[in-house]
Amino acid sequence: MTNSKNSLLLLSGGLDSAANLAIGSERNEIVRALTFKYGQRAQEKELQAARELCQYYKVEHQVLDLSWLGDLGGSALTDKNQSLPRLNTHELDQLDIIKKTAKAVWVPNRNGMFINAAAAVAESLNINKIIVGFNIEEAQSFPDNSVEFLKKITDSLFYSTANHVQVSSYTAELNKTEIETK
């Protein structure tokens, strides 16, 4: 194991970001994990899971408040008056249902805002890499969860950060089953 700590990790407390934390910690790359409060309904559970993961992996944890994102409205993730969509296993292959579900939980530019806020933190700490918890299944419904998005936002950060912060994910090309066994 090398001592090359140079990465900031975005940590929701869910499977994808937890797997990226585990992999990055094993590689001794993670300096700090960031969790965002954006008015999400599962905020307290996410924060608790993120805290526990950071304690387990002995990684510094920071919480950033982007509550105004949830105030924009329109998403079942942030609006308690909207029902969270539920999918049955047989619906997972039905693209029209997947797209409708994705639209119901879309928070405008959420991943873009998270990554840009993280890039500011990373630059201030002279960290040149951000790791995010993406997977190939969600990339089909959410374009801001794709490998292409990682490349494009890294291109953007070349111009907006002095140290040219780069964004990557250990799991972006894996499905949930593959992530669970990683």
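The values are calculated or read from the model by the stated rules, or taken from the named source; none is laboratory data. Remember, it's a predicted structure, so these values are computed and weren't measured experimentally. Quick reminder, even Gly has a Cβ in these numbers, built from the backbone with ideal geometry, and neighbours come from all protein chains shown.
General remarks:
- Some residue of region 76-85 being modelled with pLDDT under 90 and in contact with a Ser or Thr (Cβ under 6 Å, 6 or more places away or on another chain): yes
- Hits in region 99-150 - residues which are among the aromatic types (Phe, Trp, Tyr) and more than 16 Å from GLY74 (Cβ to Cβ): PHE114, PHE134, PHE149
- Every condition in (1) surrounded by 15 or more Cβ atoms within 10 Å (Cβ to Cβ); (2) touching a Pro at 6+ places or on another chain (Cβ under 9 Å); (3) of a type outside the set (Phe, Trp, Tyr) holds for LYS100 except the one numbered (1).
Conditions tested, residue by residue: (1) crowded, with 16+ Cβ neighbours inside 10 Å; (2) more than 28 Å from GLN62 (Cα to Cα); (3) of a type in the set (Gly, Ala, Ser).
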| site | (1), (2), (3) |
| --- | --- |
| VAL107 | yes, no, no |
| SER124 | no, no, yes |
| GLY133 | yes, no, yes |
| LEU157 | yes, no, no |
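- Count of residues meeting criterion [closer than 20 Å to LYS58 by Cα and at pLDDT below 95] in region 32-46: 0
- Checking the stated criteria, GLU148 turns out to be more than 25 Å from GLY39 (Cβ to Cβ) and either modelled with pLDDT of 80 or more or part of a loop (DSSP other than H, G, I, E, B) (or both).
- Checklist (1) farther than 18 Å from GLY13 by Cα; (2) crowded, with 20+ Cβ neighbours inside 10 Å applied to THR171, failing item: (1)
- Scan region 13-28 for residues that are surrounded by fewer than 20 Cβ atoms within 10 Å (Cβ to Cβ) and touching a strand residue (DSSP E or B) at 6+ places or on another chain (Cβ under 7 Å) and the total you get is 0.
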